[in-house]
Structures are given as C-alpha cells and as structure tokens.
Amino acid sequence: KFGYGLITEFVLAKNYSFLTGVEVNYVGGTINYDPNKVFYKVNDSTALFLKSREYKQQYVTIPLALKLKTNEIGYMTYFAQIGVDASFKIKGRANDSGTLYSADSTGAFTVKGLDYSKSDVDILKQIQLFRVALNVGVGAEWNIAGNTSLLFALNYNNGFTNFFYNKTNDTNKLADRTGKKVEEKASSNYVALTVGVLF
C-alpha cells in the first residue's frame, strides 16, 4: 500500500539524530481460508463461508527512531535507523470471496449455494486498536541546495502485536461450523520504500 506524513529530526550529536513525527499508513494483505470451515452470517438464513479475505487497514503512526549518519561524501550522506512505530487504527475494511450456504430445518448452514463476493465489509472492531512494530532501515540523503536534501530509504517493518482483536462481538467475526467464534492470530509485516524532502 502507501503512506504519507511529516517527520522531524532532533540532532543529538554530529552523526546522531532522534526521529519522530506523524504518518498516515494504508496497509493490508490477504488470508486464504478452508472454504468449508469458517463463516459469518449475511443474514439469519444465509452465511458466507470464506475462501479468502483481503484486508485493508488505515493507521495513524507515530515513529520513534534513532538515526545514525555518515559525514557528507560529495553531495551524499548515508544513514541507518532503528526504532519502533506506534500505530492507532482509524479504518478497517475487507473484500470477501467465498460460497453462500443456506440454513437447513435445524438452523445449521448446510445447504450449499453459489460462489459470492462482498466488498468493503466493515471489520474495524475486529482489528486491535494499537499496532506496535520494529522499524529498521537504510538510506541516503542527496543535498540539492543549502539545507535541502532529497531522502531515499528502504525500511523493514515487523509487527509485534496480534493484528486481530478476538474479544469483539462484531457480527462479521468469523465462526466455525459449531458457531464458536474463531481465535485468529496474524502480524502485519512489510518492506517500504520512502521518498521525501528534508529541509
């Protein structure tokens, strides 16, 4: 996905800085499911058994990192950084693909129907409020004039916390064939290319 924001550097020493700021990040991924095992109710008489769910989340992120820089080499300064990202969810949606089942005379969903897709399912309550992640990266600054530089970085972001909030009472929360809510666990990890202007 992508993100945008403002970052501030506080110089601690000649080659060391502390980074913080605020970002808005759009992240996501896809989870594949056994199409006969997990479902949620579309209505009282119909359930969607999932084959796959594409997750789309939006976070406000506060990065906290230490940045180590080389001396300027020509017009270039190289750096490495390590820190954590503290994120707060603001949006959660999913695109679902699966098979519709209807309830039989006992109320169990056993009558198989057609393949079905559903977009923009609200899953905000199923996502943890906070996301904490390790953020490490390397990059370079190209001085173009005075104190203004173009910044390029490659970062690896490794989520520590469970993506899912399993205590939710959301009606879209997945259940197994017995009707018991499914305990889900996953982390959100990604590699990011950062381009910016430093001034």
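Here are some notes:
- Pick from segment 10-27, criterion open to solvent by 50 Å² or more (accessible area, probe 1.4 Å), assigned to a strand (DSSP E or B) and not hydrophobic (A, V, I, L, M, F, W, C), ranking: nearest to Leu64 (Cα to Cα): Tyr16
- Failed criterion for Asp85 (all others in (1) under 30 Å from Asp122 (Cα atoms); (2) touching a Lys or Arg at 6+ places or on another chain (Cβ under 6 Å) hold): (2)
Residue-wise test of (1) more than 18 Å from the chain's Cα centre (by Cα); (2) among the small types (Gly, Ala, Ser).
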position	(1), (2)
Ser117	yes, yes
Gln128	no, no
Arg131	no, no
Leu134	no, no
Thr148	yes, no
Leu151	yes, no
Tyr156	no, no
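- Against the list (1) surrounded by fewer than 16 Cβ atoms within 10 Å (Cβ to Cβ); (2) within 23 Å of Gly28 (Cβ to Cβ); (3) more than 17 Å from the chain's Cα centre (by Cα), the condition Asn172 fails is (1).
- Members of segment 185-199 found to be in a loop (DSSP other than H, G, I, E, B) and touching a residue at least 24 places away in the same chain (Cβ under 8 Å), listed by number: Ala186, Ser187, Ser188, Phe199
The values are calculated or read from the model by the stated rules, or taken from the named source; none is laboratory data. The shown structure was predicted, so the numbers you read here are calculated from the model rather than taken from an experiment. Neighbour counts are summed over all protein chains in view; Cβ atoms, including those assigned to glycine, are modelled from backbone coordinates with ideal geometry. Ligands, DNA and RNA are stripped out before the accessible areas are found, and what is left, the full protein with its side chains, is counted by its heavy atoms. Shrake-Rupley method; radii C 1.70, N 1.55, O 1.52, S 1.80 Å.
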